[in-house]
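All remarks here apply to the structure that follows.
The values are calculated or read from the model by the stated rules, or taken from the named source; none is laboratory data. Being a predicted model, the structure only gives us computed values, none of them experimental. With ideal geometry, Cβ positions are generated from the backbone for all residues, glycine too; neighbour counts draw on all protein chains shown.
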Amino acid sequence: MSSASIIVITGSTRGIGYGLAEAFLRLGCAVVVSGRSEKTTSEAASQLAAKYEPARVLGLACDVVDPAQVASLWNEAVGHFGRVDIWINNAGHSGDMEMAWGIPPGEVMSVIDTNLVGTILGSQVAMRGMQAQGHGAIYNMEGMGSDGRKHSGLTFYGTTKAAVHYFTESLALEAKDTPILIGGLRPGMVATDMLRDRYKSRPDEWERAKRIFNILAEPVGTVAPWLAQKMLSNQKKGAILSYSSPWKLVWKFISSPLVKRQVFD
């Protein structure tokens, strides 16, 4: 992919999605930012357009669990920029931190629909569109659970991310004889509002968790540029682009008495 690539990122009005949008813009790409709300999407696009060339920024609201809206996101992006080179299924919802049996059915469905169904629908639309244009790459945002790790209170989030990993690998297998590249993204622990919001009803737990997060988590501004560069240069089908690694985590713990990191205040 070139620096002039056209990128669509779902769930990009804040957090790692917004960070990716900014990283791609810095690299000379054009970006379609998208969120569920018209208001937040417009605000995010305006903020980016104020810092970069407005002609390279487009904001399009989309609810990723609505097939018609996902199709419209593709069609409007192509109508505006002429093509889509990279499509990133990033929209995600972690839900509240709670034991599995205590989460209301509506919240369970929201997590599953956003994280898994949204990724599937986005991949279907992008795959069909990219086959028609003859090229493209689709990346699915993985996360806690995609590598088999478990975390109490995040059972449904982890379940969806394990399923996203399976889906990504299976889709890459099915697409191996097409010109479309399929891959996964593993940013590791990133200091975003989503991470903080899990503890919004548990301030005492947040104070304890924050100490660990300040050792292990990375700022969006560190992880997003790394992932953007990797996506633009990657040529391997089925690649899982992982920022973190077991060795990095071990080193952070070993060096924590000497290196005071503070990603959360």
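Among the numbered criteria (1) closer than 22 Å to residue 8 by Cα; (2) over 20 Å from the mean Cα position of the chain (by Cα); (3) not in a loop (DSSP other than H, G, I, E, B), which one does residue 83 miss?
If we test residue 83 against (1) closer than 22 Å to residue 8 by Cα; (2) over 20 Å from the mean Cα position of the chain (by Cα); (3) not in a loop (DSSP other than H, G, I, E, B), just (3) comes out false.
Residue 94: in contact with a strand residue (DSSP E or B) (Cβ under 8 Å, 6 or more places away or on another chain) and not aromatic (Phe, Trp, Tyr), yes or no?
Numbers: in contact with a strand residue (DSSP E or B) (Cβ under 8 Å, 6 or more places away or on another chain): no; not aromatic (Phe, Trp, Tyr): yes.
No; evaluated as a whole, the condition is false for this residue.
Could you say which residue among 79, 145, 102, 122 is of a type in the set (Gly, Ala, Ser), out of contact with any Gly (no Cβ under 9 Å at 6 or more places or on another chain) and at pLDDT below 95? Give the derivation first.
Working: 79 fails: at pLDDT below 95; 145 fails: out of contact with any Gly (no Cβ under 9 Å at 6 or more places or on another chain); 122 fails: at pLDDT below 95.
Criteria check complete, one pass: 102.
Cβ-Cβ under 6 Å, sequence separation 6+ or interchain: first residue in region 73-84 and touching a residue at least 60 places away in the same chain (Cβ under 8 Å), partner of a type in the set (S, T, N, Q) and outside any loop (DSSP other than H, G, I, E, B). Which pairs?
That search, which allows pairs on different chains as well, returns 83/133.
Report whether or not residue 262 is at pLDDT 95 or above and out of contact with any Lys or Arg (no Cβ under 8 Å at 6 or more places or on another chain).
no
What are the residues in region 140-166 that are assigned to a helix (DSSP H, G or I), polar (S, T, N, Q) and either surrounded by fewer than 24 Cβ atoms within 10 Å (Cβ to Cβ) or out of contact with any helix residue (DSSP H, G or I) (no Cβ under 9 Å at 6 or more places or on another chain) (or both), if any?
Within region 140-166, 155, 159 meet the criteria.
Look at residue 137 and say whether it is in a strand (DSSP E or B) and under 17 Å from residue 231 (Cβ atoms). Give the derivation first.
Working: in a strand (DSSP E or B): yes; under 17 Å from residue 231 (Cβ atoms): yes.
Taking the combined requirement at face value, the residue satisfies it.
Scanning region 167-189 for residues that are touching a strand residue (DSSP E or B) at 6+ places or on another chain (Cβ under 7 Å) and of a type in the set (Gly, Ala, Ser), which turns out surrounded by the fewest Cβ atoms within 10 Å (Cβ to Cβ)?
188
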